[in-house]
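Working notes, beginning with the structure itself.
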Amino acid sequence: MAKDKNVRTAELGAEQVMVNMAGIETCFDRAGKMKPCPIGHEGACCKNCYMGPCRLVGKNAEEEARGVCGASLPVVAARYIARMVAGGTAAHGDHGRDMVFTLLAAAEGHAKDFGVKDVKKLYRTADILGIEFEGRQVNDVAKDVANKLIEDFSRQKGEMNFLKRAPQKTQERWKKYGIVPRGVDRDTVEVLDRTTMGMDADPDSILNAALKCALANGWGGSMISTDITDILFGTPTPVKAEASLGIFKEDEVNIIVHGHEPTLAEMIVEAVTEPELIEYAKTKGAKGINLGGMCCTANEVLMRHGIATAGGFTNQEPAIMTGLVDAFTVDVQCIMPSIVDVAKHFHTKVITTSDKVRIPGAQHISFDEHIAKEQARQIVRIAIDNFPNRTKKGSHVTTKFPMIGGFSHEYIEYMQGGTWRGSFRPLNDAIMAGRVRGVVGLAGCDNPRWPSTGIHKYLATELIKNDVLIVSTGCSSAACGGVGYLTPEMALENAGPGLREVCEAIGIPPILHLGACVDNSRILTIASAMAAEGGLSDEIGGMPAVGIAPEWITEKAVSIGFYFAASGVPVIFGGDSPVIASKEVNRIMTEVWFERFKGALHFEPDPEKMLALALDYIDKARENLKLKKYEPGKFGTEKVLMDMAARREIRGHAGL
Ligand code: SF4
Ligand code: MSK
């Protein structure tokens, strides 16, 4: 896949907007101007204390270079990436915490606009937590669930609640290598403590602590967030939507909800359908109110309501440059401060809503869950009042694509057998027979340092051509949706023969949109269910499955990469390793972790090599599981179940 320097993004609409509005600076311009510091780029710089910053460079730096305190290059690199994990775990952890407190407030009657929408999911969660639910008031159960999960943030000793959802053998590996997390706050603080000046000087030990912290994200903060959001707003089922910048309407009030937390956005979804507000919009000359999403708040409201997405991370500035956005509402995470600068060229009002995210120049409405609906109406009114200020400035585009989202893990199970016989058996069988070669979780951000979204597009095309089923989340879903890849027709036109057959039989696209970044936890649940179903690996490790974040940006992405690796999934990130300076750190993250957990974290800048590495992992896993050799168009019919001798051989190989 050759990099075309003249193309900024694979999303045609966004590219067109930036061409038409040349002169307004975007992240693509800044990425061009901002050359990364080569020492920081490699992870060879430490500024953890004021004897530095120390640059550990030069010949034999790996062995010989030392910071003023005596820290070696592998220590500096390990500390750097471990702190990224802590940052990512903190972000997803705080998101999960906010969701739990909303559930508690709703159950206690303090947040009247919220309530339990999915009682079945509440009961399932209560059951996992060992909370009695039969014959009890829904709100009493919800209170107990919320209080039990709040313990996962502040617990000092013991184990987090949801770890037991992992296969037994996966849990045993965590115990064996000392990475069982206690609580989100506890294990995040410990990484920051260990990596400050004069603390842990063993890169392996530092990285182990980071794995533990990351598990507190995947099986804690993120999983809690996913489950509570489903309980409060409903577990997603397939829903039609649209994607890309053509979703805006010239004759309607356009509102964007951007960020990650769905709480206020859910209220805005309701508010825009209120007849009074629609009438009010008409008094201002608009035909109606059009709501769209961006990044992961988009994924949340798309998954549950079919609200269209204007795209992922790099589309936020071009969205405003259409000149059609009357209010651009943001909550938390992945919000470029520059949106305020871009908005100055147009009439767009930027509204911040979280007290954790203030941007000078934006209007701030401090989100208060007690009056959430009223605040949502206030935001809609601001957008309506701003509609008459719209000018002809901006670049209107018509590019948009239909898409299907809403594939919760519950629905994926249901679609493979219905209410009473839902299971992962058909998927496991399809993998065993070689119809489906393996599964890839395609996730993570879109990065302006690449032809943004382009690598997602390339990998999505090639993987499904190779009969690999894709589950996607976050901005990867937006990237796939924004080029028209999230439709069942995609399977008919582009998937390999085996995957096409499976998709046609079930009526699904070959790329299943699972939701927001926190919903990567749904992939953990799916992998655990596949292990429990039998016939493949009896733990998450060893499955013909790989995670790929081809254009990752954030600390959250690194934390996700770490928790998948610790759970047994080989993970491939695009771009250079942020710790490429240290061979030892990269060896630990690949070879050592694979031996211990059957997972790994690779960094690979070449998209073709990323693809080859993913397929190689999948094929080797098939071979180790003694599954039928994958051959395009040739499927086995019988189940190739493993005998005990074969299983013992694999266990021996893994050192168990
Ligand atoms: Fe330099 Fe050590 Fe301070 Fe880092 S902690 S800046 S390596 S002296
Ligand atoms: S929003 S973390 S740019 S995926 Fe979840 Fe996208 Fe990455 Fe943010």
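Conditions (1) touching a helix residue (DSSP H, G or I) at 6+ places or on another chain (Cβ under 7 Å); (2) surrounded by fewer than 24 Cβ atoms within 10 Å (Cβ to Cβ); (3) closer than 20 Å to Pro570 by Cα, marked per residue:
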site	(1), (2), (3)
Ser154	yes, yes, no
Met160	yes, no, no
Gln168	no, yes, yes
Arg182	no, yes, no
Val191	yes, no, no
Gly198	no, yes, no
Ala214	yes, no, yes
Thr229	yes, no, no
Gly234	yes, yes, no
#### Entry: Flag for Cys503 being away from ligand 1 (no atom under 16 Å from the Cβ) and more than 15 Å from the chain's Cα centre (by Cα)
yes
### Message
Suppose the filter is within 16 Å of ligand 1 (Cβ to nearest atom), within 28 Å of the chain's Cα centre (by Cα) and buried (at least 16 other Cβ atoms within 10 Å of the Cβ); does Ala71 pass it?
### Response
no
### Task
Would you check which residues across segment 620-652 are modelled with pLDDT of 50 or more, open to solvent by less than 50 Å² (accessible area, probe 1.4 Å) and in a helix (DSSP H, G or I) and list them?
Ala621, Arg622
### Message
Please go through segment 29-62 and give me each residue that is within 14 Å of ligand 1 (Cβ to nearest atom), in a loop (DSSP other than H, G, I, E, B) and within 26 Å of the chain's Cα centre (by Cα), ordered by number.
### Response
Gly43
### Task
Could you tell me which of the residues Arg596, Arg522 is charged (D, E, K, R), part of a helix (DSSP H, G or I) and either touching a Leu at 6+ places or on another chain (Cβ under 6 Å) or crowded, with 24+ Cβ neighbours inside 10 Å (or both)?
Arg522
### Task
Being assigned to a helix (DSSP H, G or I), at negative phi and more than 16 Å from ligand 1 (Cβ to nearest atom) narrows it down to one of Ala82, Ala14, so name that one.
Ala14
### Query
Between a first residue in segment 50-66 that is more than 14 Å from Met197 (Cβ to Cβ) and a second residue that is part of a strand (DSSP E or B), which pairs have beta carbons less than 6 Å apart while being 6 or more apart in sequence or on different chains?
Arg55/Cys45
### Summary
When restricted to Met530, Met490, the only residue at pLDDT below 95 and assigned by TED's automatic domain parsing to the domain that holds Ser559 is Met490
### Task
Within segment 337-355, identify whether any single residue is in contact (Cβ under 8 Å) with a residue 12 or more places away in the chain, within 15 Å of ligand 2 (Cβ to nearest atom), of a type in the set (A, V, I, L, M) and assigned to a helix (DSSP H, G or I), and answer yes or no.
yes
### Task
Within segment 83-129, count every residue that is open to solvent by 40 Å² or more (accessible area, probe 1.4 Å) and closer than 14 Å to Asn147 by Cβ.
3
### Task
May I ask you to list the residues in segment 346-364 that are out of contact with any Phe, Trp or Tyr (no Cβ under 8 Å at 6 or more places or on another chain), closer than 10 Å to Asp331 by Cα and hydrophobic (A, V, I, L, M, F, W, C)?
Val357
### Query
What residue, of Val546, Val579, is closer than 27 Å to Gly43 by Cβ, away from ligand 2 (no atom under 16 Å from the Cβ), of a type in the set (Val, Ile, Thr) and assigned to a loop (DSSP other than H, G, I, E, B)?
Val579
### Query
Can you spot a residue in segment 247-259 that is within 16 Å of ligand 2 (Cβ to nearest atom) and touching a Phe, Trp or Tyr at 6+ places or on another chain (Cβ under 6 Å)?
yes
#### Entry: Residue in segment 476-495 that is within 11 Å of ligand 2 (Cβ to nearest atom), open to solvent by less than 10 Å² (accessible area, probe 1.4 Å) and of a type outside the set (Gly, Ala, Ser) present
no
### Message
Looking at (1) in contact (Cβ under 8 Å) with a residue 24 or more places away in the chain; (2) over 26 Å from Thr398 (Cα atoms); (3) surrounded by fewer than 24 Cβ atoms within 10 Å (Cβ to Cβ), which one does Asp331 not meet, given that it meets all the others?
### Response
(3)
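This table checks each residue for (1) out of contact with any Phe, Trp or Tyr (no Cβ under 9 Å at 6 or more places or on another chain); (2) over 22 Å from Ala581 (Cα atoms).
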position: Cys46; (1), (2): no, no
position: Arg55; (1), (2): yes, no
position: Arg66; (1), (2): yes, no
position: Leu73; (1), (2): yes, no
position: Ala77; (1), (2): yes, no
position: Ala86; (1), (2): yes, no
position: His95; (1), (2): yes, yes
position: Thr102; (1), (2): no, yes
#### Entry: Residue pairs meeting the criteria (Cβ under 6 Å; at least 6 apart or on separate chains; first more than 19 Å from Ile206 (Cβ to Cβ), in segment 173-187; second charged (D, E, K, R))
Gly183/Asp152; Gly183/Arg155
### Query
When Val272 is evaluated against the numbered criteria (1) among the β-branched types (Val, Ile, Thr); (2) open to solvent by 10 Å² or more (accessible area, probe 1.4 Å); (3) within 16 Å of ligand 2 (Cβ to nearest atom), which criterion, by number, is the only one it fails?
(3)
### Query
Taking the stated definitions as given, is Ala214 among the small types (Gly, Ala, Ser), touching a residue at least 40 places away in the same chain (Cβ under 8 Å) and either over 29 Å from Phe562 (Cβ atoms) or in a loop (DSSP other than H, G, I, E, B) (or both)?
no
### Selected residue (criterion: nearest to the chain's Cα centre (by Cα)) from residues of segment 506-515 that are at pLDDT below 90 and among the hydrophobic types (A, V, I, L, M, F, W, C)
Ile508
### Query
Between residues in segment 533-554 that are within 29 Å of Gly312 (Cα to Cα) and residues that are of a type in the set (Phe, Trp, Tyr) and open to solvent by 10 Å² or more (accessible area, probe 1.4 Å), which pairs lie under 6 Å by C-beta distance while being six or more apart or on different chains?
Val546/Tyr617; Gly547/Phe564; Glu551/Trp450
### Message
Restricting to segment 21-54, count the residues that are buried (at least 16 other Cβ atoms within 10 Å of the Cβ) and closer than 30 Å to Gly482 by Cβ.
### Response
8
### Query
Counting only residues that are open to solvent by less than 20 Å² (accessible area, probe 1.4 Å) and of a type in the set (Ser, Thr, Tyr), which one in segment 525-562 is nearest to Leu625 (Cα to Cα)?
Ser537
### Query
Based on what the data block shows, is Ala565 small (Gly, Ala, Ser), touching a residue at least 12 places away in the same chain (Cβ under 8 Å) and open to solvent by 20 Å² or more (accessible area, probe 1.4 Å)?
no
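The values are calculated or read from the model by the stated rules, or taken from the named source; none is laboratory data. Worth saying up front: this structure is predicted, and the values here are computed from it rather than measured. Backbone-built Cβ (ideal geometry, glycine too); neighbour counts: all protein chains shown. Heavy atoms of the whole protein, side chains included, go into the accessibility calculation; ligands, DNA and RNA do not. Shrake-Rupley method; radii C 1.70, N 1.55, O 1.52, S 1.80 Å.
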